[in-house]
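This report refers to the structure that appears directly beneath it.
The values are calculated or read from the model by the stated rules, or taken from the named source; none is laboratory data. Everything numeric in this text was worked out from a predicted model, so none of it was measured. Cβ coordinates were reconstructed from backbone atoms using ideal geometry, including for glycine residues, and neighbour counts include every protein chain displayed.
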């Protein structure tokens, strides 16, 4: 009797583990599938001409250069605003703030920023940057919108890396006559840099792939030339993919897959760089 | 000659518990003054007052003053940066900064604005020699300091303080994590150092207190129980509690 | 020299402190602009119209109920997928998988979190919806369910990473205690580890659902965009339209400061408030459990 009981228990365990394994596989395999599928379908479309040419024939032929350049501009623009602000905010939280009500309010605000739907950021960008500040539908407005959306990712990863730097380094530095800022700049930031960089790249990766926040703030359906100033609208890879897969009839399928592949390459490339920085820093770390 | 005069110093933690109670003592130059007693007696807290390192933690002075060369360092207008260059500190756990040996040594000087390479090199060699570690590291000054042994690291920490040419050196149980040989080297270095500096040491044992003290102060629960020259205090303590502690009846 | 240094330090410190408050400023600014542009809708559109079942802006029908039910049904569908798969994967990673497998699965799940939603929407149109149409024999593959499937995938990484952190934080001694009492690993997972990680898992679920409600592009591309009231489970398999998709699809074409424009901002305001509630609830679960842990430890 007891034997049967324990047999049952182990049978249940085996079945349960099998089920969980299956679920994990069902979660993970489609991801691999997506990447491989886009790679296989998109690779034939990608050529030098595709990467460096302008679209023509109503975007049904030619290249996607303006979208690639546009995404680069937007990513750089986002970095220009969000990195200094995000890292400074992280420094404040890790090095200056004490556990007061205000600090808790800041943390709640960061959590909420991270949870606001991307399309709501788009509305906000439209209201503040495009209309109120009269930047127009522009790279500047779109970059600012993406920056605020990216901010919570950068703040929280940067704060985590700053906090990981041993407290003793700070005490020693201060005891040797360093000011607080000197200590942060020469010791804490230096040690936390790889972690901060990883967070920055992951944040920018998200920004580069976003469509909704730039829909009404800076994305252009089609431009015959590259944007000339931050006040110009721009094409961008994710928006372009959206456009050619839903708005343009009789769009050649290879161009769609090719565009998806380039976008994926952009995003995964950044992801890979972040991973490499993180693992190399871990190996080199002296504490 | 008195380098530091502490007058009626009382300290509290931010939660209101008392840390030091009405301490008054004078610390002489060119001597090793030992602050000892059971844990929690307030020795380290007192030490950290002398270079205002307590500013970083939740401790506040509620009364009294500390005169360094006649000036009250607890005064809010005190230039703490200059004070910390003048009053160096070695911690219980050796903490080398994550950089090369040389950079560890020049860190404080560079912050103070010294850029001349010859001066920096000079300071590196002089202070490493004073800390009795020159011979061991002179050929690998550009290696990461973390690669050294614990005992070597602690002497690097001492040298790092010396490089700033301070006037007072505070040591908070500097040998607590070290083997007897390294401990011996540090203690020998201290005997050399007192010729030029004012040395204040929180020892990690009564034995070390006895070995090193020119002057000794016994702290118990935030109170200075007894303060005398080392020899008298360890051979003929006046207070019963001091006697009990050094003969090992408690603590 | 000393003086200039202090001056610089003073400015830098000020700048850092100001940056620290920026998150509060931005949340307030976002709320302010949503109110500013969204509240006029309440004046311009009678409440009875706003909370009606017909969304047809060209003829001034601004009933947002179909959009709300659309968001709800797509999100429920997504939760039904993301919760079991998310928790299952988290348990698998933290309790069952050998180390090497964990090192493969975790980055892959993170990768899913980083995939642009427009790419998923794109594949949803080209691959998933034709497949579902044939497989389920539907008139169209662009349904709420298609959106739910994609959204489930988008929400899974959030659930997995937070739930896995929580499971990881359960002290090893809890599990060892259960094993010592003769529990199998399976029983330990269900009766000890998961309950101990309860609050973290709950936070993960809430944030995952929050992510699903707010997701825009993938949903807009695959749900068919039909603003019909979705009240029965059957509506899961017909086209729907979410609040987010409505904003994204229509904002580009409205005149500034028109009624339609204000209503879209009003919808954005509703979304903002939903995300505020979800996030504050999720973070207060975390805070509460932390306090309990502190009480136990002290």
Count, please, the residues in segment B:211-226 that happen to be free of Cβ contacts under 8 Å to residues at least 40 places away in the same chain and in contact with a helix residue (DSSP H, G or I) (Cβ under 6 Å, 6 or more places away or on another chain). 1
Got at least one residue in segment A:64-73 being within 12 Å of another protein chain (Cβ to nearest Cβ) and within 30 Å of residue C:103 (Cβ to Cβ)? no
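For residues that are part of a helix (DSSP H, G or I), over 16 Å from the mean Cα position of the chain (by Cα) and closer than 16 Å to residue B:28 by Cα, tally how many sit in segment B:194-231.
The initial filter retains those residues of segment B:194-231 that are part of a helix (DSSP H, G or I), namely B:206-212, B:230-231.
Then drop every residue that is not over 16 Å from the mean Cα position of the chain (by Cα), which leaves B:206-207, B:210-211, B:230-231.
Keeping just the survivors that are closer than 16 Å to residue B:28 by Cα gives B:230-231.
Total meeting the criteria: 2.
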So, in segment C:153-163, of the ones that are more than 11 Å from every other protein chain (Cβ to nearest Cβ) and closer than 17 Å to residue C:198 by Cα, which residue ends up surrounded by the most Cβ atoms within 10 Å (Cβ to Cβ)? C:163
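Mind listing whichever residues of segment A:247-265 are facing chain C (nearest Cβ under 9 Å) and either buried (at least 17 other Cβ atoms within 10 Å of the Cβ) or outside any helix (DSSP H, G or I) (or both)? I'd like the intermediate steps shown before the answer.
To start, the set of residues in segment A:247-265 that are facing chain C (nearest Cβ under 9 Å) comprises A:253, A:256-257, A:259-260, A:263-264.
Within segment A:247-265, A:256, A:257, A:259, A:260, A:263, A:264 meet the criteria.
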Please give the number of the condition residue A:58 fails out of (1) closer than 29 Å to residue A:151 by Cα; (2) surrounded by fewer than 16 Cβ atoms within 10 Å (Cβ to Cβ); (3) away from every other protein chain (no Cβ under 12 Å). (1)
Being over 14 Å from residue A:78 (Cβ atoms), free of Cβ contacts under 8 Å to residues at least 60 places away in the same chain and within 14 Å of chain C (Cβ to nearest Cβ) is the requirement here; does residue A:171 meet it? no
Selection over segment C:196-226 where residues are surrounded by 22 or more Cβ atoms within 10 Å (Cβ to Cβ) and in a loop (DSSP other than H, G, I, E, B) yields a count of 4
Could you grab the pairs with beta carbons closer than 7 Å, sequence gap of 6+ or different chains, first residue in segment C:220-234 and on the phi > 0 side of the Ramachandran plot, second one assigned to a helix (DSSP H, G or I)? C:225/C:245; C:225/C:249
Residue list for segment A:130-148, filter: under 21 Å from the mean Cα position of the chain (by Cα), farther than 26 Å from residue A:92 by Cα and part of a helix (DSSP H, G or I): A:139, A:140, A:141, A:142
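Do we find that residue A:183 is within 12 Å of chain C (Cβ to nearest Cβ) and surrounded by fewer than 24 Cβ atoms within 10 Å (Cβ to Cβ) in this structure?
Numbers: within 12 Å of chain C (Cβ to nearest Cβ): yes; surrounded by fewer than 24 Cβ atoms within 10 Å (Cβ to Cβ): yes.
Answer is yes for this residue.
Restricting attention to segment B:93-115, and to residues there that are in a loop (DSSP other than H, G, I, E, B) and within 10 Å of chain A (Cβ to nearest Cβ), which single residue is surrounded by the fewest Cβ atoms within 10 Å (Cβ to Cβ)?
Per the stated criteria, the residue is B:93.
Have a look at C:74, C:25 and point out the one that is under 25 Å from residue A:213 (Cα atoms) and within 10 Å of chain A (Cβ to nearest Cβ). Even if it seems obvious, please write down each step before you answer.
Details: C:74 fails: within 10 Å of chain A (Cβ to nearest Cβ).
Going through C:74, C:25 in turn, the sole match is C:25.
Looking at segment C:239-254, which of its residues are surrounded by fewer than 20 Cβ atoms within 10 Å (Cβ to Cβ) and modelled with pLDDT of 90 or more? Break it down into steps so the answer makes sense when it comes.
First pass over segment C:239-254, keeping only residues surrounded by fewer than 20 Cβ atoms within 10 Å (Cβ to Cβ): C:249-250, C:252-254.
Hits for segment C:239-254 are C:249, C:250, C:254.
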Scan segment A:225-246 for residues that are outside any helix (DSSP H, G or I) and crowded, with 23+ Cβ neighbours inside 10 Å and report the count. 3
Scope segment B:166-193; condition in contact (Cβ under 8 Å) with a residue 40 or more places away in the chain, in a loop (DSSP other than H, G, I, E, B) and out of contact with any strand residue (DSSP E or B) (no Cβ under 6 Å at 6 or more places or on another chain); matching residues: B:167, B:176, B:177
Residues being assigned to a helix (DSSP H, G or I) and away from chain A (no Cβ under 14 Å): count how many of those fall in segment B:26-44. 1
Tell me yes or no: at least one residue of segment A:204-213 is buried (at least 21 other Cβ atoms within 10 Å of the Cβ), within 11 Å of chain C (Cβ to nearest Cβ), touching a residue at least 24 places away in the same chain (Cβ under 8 Å) and not in a helix (DSSP H, G or I). yes
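Considering C:183, C:166, which residue is on the phi < 0 side of the Ramachandran plot and either part of a helix (DSSP H, G or I) or touching a strand residue (DSSP E or B) at 6+ places or on another chain (Cβ under 9 Å) (or both)? Quick ask: steps written out before the conclusion?
Working: C:183 fails: either part of a helix (DSSP H, G or I) or touching a strand residue (DSSP E or B) at 6+ places or on another chain (Cβ under 9 Å) (or both).
So the residue among C:183, C:166 that is on the phi < 0 side of the Ramachandran plot and either part of a helix (DSSP H, G or I) or touching a strand residue (DSSP E or B) at 6+ places or on another chain (Cβ under 9 Å) (or both) is C:166.
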Starting from segment C:34-57, take each residue that is closer than 15 Å to residue C:272 by Cβ and list its partners that are in a loop (DSSP other than H, G, I, E, B), counting only C-beta distances under 9 angstrom and pairs at least six apart or across chains. C:37/C:257
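Quick one: is residue A:33 within 12 Å of another protein chain (Cβ to nearest Cβ), part of a helix (DSSP H, G or I) and under 30 Å from residue A:249 (Cβ atoms)? Steps first, answer last, please.
Numbers: within 12 Å of another protein chain (Cβ to nearest Cβ): yes; part of a helix (DSSP H, G or I): yes; under 30 Å from residue A:249 (Cβ atoms): yes.
Judged against the criteria, residue A:33 is a match.
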If you scan segment C:166-195, which residues turn out to be in contact (Cβ under 8 Å) with a residue 12 or more places away in the chain, surrounded by fewer than 18 Cβ atoms within 10 Å (Cβ to Cβ), within 27 Å of residue C:278 (Cα to Cα) and out of contact with any helix residue (DSSP H, G or I) (no Cβ under 6 Å at 6 or more places or on another chain)? C:169
What single numbered condition from (1) touching a residue at least 12 places away in the same chain (Cβ under 8 Å); (2) facing chain C (nearest Cβ under 7 Å) fails to hold for residue A:86? (2)
